[in-house]
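Notes follow once the structure below has been shown.
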Amino acid sequence: MGYTADERLAAGPEESRYLEAVFTLGAQVGTHAEDPARPVYVVEVTEVSPIRVPSGRLVVASPWPDDSDWELPTPAGRELRDRIPPGVHRVQASWTEAPYEYNGEQFDGREAVAVRLLVSDAPVACWEAGLGVSESIEQIVHGERPGFDSEENMGSFADATAWPSLTEPFRQVWLEVDAGKQDASLAAESLGESFERVSDEALGADLVTFPADGGSVVWLGRTETGSIASIVTTGTPAFHNRLFTAV
């Protein structure tokens, strides 16, 4: 008998359909908000970066400190309860284009609509929302999806044991801004198109950022045996506040 996700965490039919399509080149994942007859397709799936997770413990969270806390402490991070095999994994992004006009200018509407950490190439049999280590399934209200809030519209994948050092550059930027420094800049490697990487060579660990809107759900794609094949982040719900709406 295969793995069965708890109904409180299991993706619904529409969510599953979206998650199965969003990394398939050419798949339709929505329709344009201004023109429901115009479909929106996945136009590209890109390799963002390898990421080292030596502990197998993964944080998926905003790397920025809470700027409402005047002490600007290291962000707590949201470590997933489920662990992944220690080692190097691939981060990929799915892109769509929804052309639009604004103030007489034309824009291609290119957007990264989902990001995933690929654990294996095994087929996904089911999807479920991932719990954090401090969360209990008994606390989940039916219809709600656990996730993380994204400071600065940014999320990240990172090794949990290296989280304090990997997020320190983001904290330092806020400290410099708070001190009035005009040219504060982030000490991170640009990966192009809204992605960055911070590395801790002493621990052999990385943090890779990605665009995130508001509250983001972390989806676990599980194989028939229950092992994790991929970890996907999307908005909550998909396509809200975007230029197109879900099919």
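Just so it is clear, none of the values below were taken in a lab; they were calculated from the coordinates. Since we're looking at a predicted model, the values are computed, not measured. When we count neighbours, we look across all protein chains shown, and the Cβ atoms used for this are built from the backbone with ideal geometry, even at glycine.
Annotations
- Computed E for residue 6/residue 187 - FRET, C-beta separation, R0 35 angstrom, nearest 0.05: 0.30
- Helix-derived mean residue ellipticity, 222 nm - over the chain, DSSP H n ≥ 4, -39500 (n - 2.57), to 500: -3000 deg cm²/dmol
- Share of pairwise Cα-Cα distances greater than 20 Å in the range 28-172 is 62 percent (whole percent).
- Average Cα contact separation per residue, the range 1-151, under 8 Å, 6 or more apart, as relative contact order %: 27 percent
- Placing pseudo-labels 7 Å out from each Cα toward the beta carbon at residue 24 and residue 68 gives an inter-label distance of 4.1 nm.
- Relative contact order of the range 160-241, pairs being alpha-carbon contacts under 8 Å that are 6 or more residues apart, as %: 19 percent
- Paramagnetic reach from residue 108 (point 7 Å along Cα→Cβ, amide N under 17 Å) across the range 37-74: 40-48
- The separation of the range 158-205 from the range 1-78, counted between C-alpha centres, amounts to 21 Å.
- Taken over the range 1-65, the convex hull of the Cα atoms encloses 230 Å³ per residue.
- Packing-based ranking of 174-186, 61-73 yields 61-73, 174-186, ordered from highest to lowest mean Cβ neighbour count within 10 Å.
- Kirkwood Rh in Å, taken over the range 51-91 so that all alpha-carbon pairs contribute: 11.7 Å
- A simple packing score, the average count of other Cβ atoms within 10 Å per residue, orders the peptides 151-159, 187-195 as 151-159, 187-195, with the highest score first.
- Each residue of the range 144-149 was assigned a 3J(HN,Hα) from its phi angle through the Karplus curve 6.51 cos²θ - 1.76 cosθ + 1.60 (θ = phi - 60°); the sequence is 8, 10, x, x, 9, 8 Hz, with glycine and proline shown as x.
- Inter-label distance for residue 176 and residue 224, nm, one decimal - labels placed 7 Å from Cα along Cα-to-Cβ: 5.3 nm
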